[in-house]
Structures are given as structure tokens and as C-alpha cells.
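Contents: one structure, followed by commentary.
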Amino acid sequence: QVQLVESGGGLVQPGESLRLSCAASRITFSLYAMGWYRQAPGKQRELVAVITSGGSTNYADSVKGRFTISRDNAKNTVYLQMNILNPDETAVYYCNAKIGVTGYWGQGTQVTVSS
């Protein structure tokens, strides 16, 4: 059974940083595109950042220049470094693994940005 386990969420003040991690198991991690999504209360889930199996990255316009997605294939882990967080980014952050039409989701990790 495929598992994606997110960690690193928490409560931070506006302007602070967090680093999320997502550890994958039971997939050939290096073959998958990995993404981070977020869902705020009452809103649809939205793409934050994605990194392909080849290492190409893409970001939502709202996070460009502040967030960085990276992957470590040796550790089967994808990261999301989030800097200069603002309260509008309070959400549950989800990890996604995708290959072709097959995708898997983690259970999510809560990020709360509040003073």
C-alpha cells in the first residue's frame, strides 16, 4: 500500500518560514512527479508547487520567489521550503505523487500562519 506521510506543519507568525517534508513508501519514487497542494477552509484544493521526475519545477504565481520545492530520491522524500508566510496561506498542505493517470495523496499537514 502506497504511503505518503507529510510532516513539518505547525503554527508560525506572519513573515516566518516552515519546511514541509513528505516521505513516500512503496513507490518507485524517482519516477513520480511530486507536488504540494493546499486547501484552506471553505476553498478548493490548489496546486502550490510541483517537481517532475527530471527535477523541473513549477509554482503557483502566489508563491514564486518565496517557496522552493525539492526532492531527494535517495530518501524518497520531497520538501517544500516556505518563506515569508502570510495568514492567507493557512491551510492543510497535501503531498501528491503522480505518474501517468495514477496519483496518490498524503493525509495532509496543517500550516497556520497567525500572530
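The values are calculated or read from the model by the stated rules, or taken from the named source; none is laboratory data. All figures in this text were calculated on a predicted structure; none of them were measured in a lab. Here the Cβ is made from the backbone with ideal geometry for all residues, glycine too, and neighbour counts use every protein chain on show. Side chains included, ligands, DNA and RNA excluded: accessible areas come from the protein's heavy atoms. Shrake-Rupley method; radii C 1.70, N 1.55, O 1.52, S 1.80 Å.
For this structure, a couple of remarks:
- Amide H within-cut-off set for Glu16, under 5 Å, with H built and near neighbours excluded: Leu85
- Amide N proximity, the stretch 79-111 versus Ser25 label position 7 Å along Cα-to-Cβ, cut-off under 15 Å: 106-107
- A 1.4 Å probe run over the chain, with the rest of the protein chains in place, finds 53 Å² accessible per residue.
- Principal semi-axes in Å for the chain [√(5λ), Cα gyration tensor, largest first]: 23, 14, 13
- What a 1.4 Å probe finds exposed on the chain is 47% carbon and sulfur by accessible area, rounded to a whole percent.
- For the stretch 73-86, the Karplus equation 6.51 cos²θ - 1.76 cosθ + 1.60, evaluated at θ = phi - 60°, returns couplings of 5, 5, 9, 6, 9, 10, 10, 9, 8, 10, 10, 6, 5, 10 Hz by residue, with Gly and Pro reported as x.
- Ellipsoid equivalent to the stretch 53-115 - semi-axes via the Cα gyration tensor, in Å: 23, 15, 11
- Computed from the C-alpha gyration tensor, the three semi-axes of the ellipsoid equivalent to the stretch 9-59 are 24, 14, 12 Å, from longest to shortest.
- Lys, Arg +1 and Asp, Glu -1 on Cβ, resulting dipole of the chain about Cα centre, debye, nearest 20: 260 debye
- Under 25 Å of direct C-alpha separation, and excluding same-chain neighbours fewer than eight residues apart, Lys75 reaches these lysines: Lys98.
- Vicinal HN-Hα couplings computed from phi for the stretch 3-15 (Karplus, 6.51 cos²θ - 1.76 cosθ + 1.60; Hz; Gly/Pro x): 10, 10, 10, 8, 8, x, x, x, 9, 9, 8, x, x
- Taking trypsin sites (Lys or Arg not before Pro) across the stretch 35-74, the ones in a DSSP loop with at most 11 further Cβ atoms lying within 10 angstrom of their Cβ are Lys43, Lys64.
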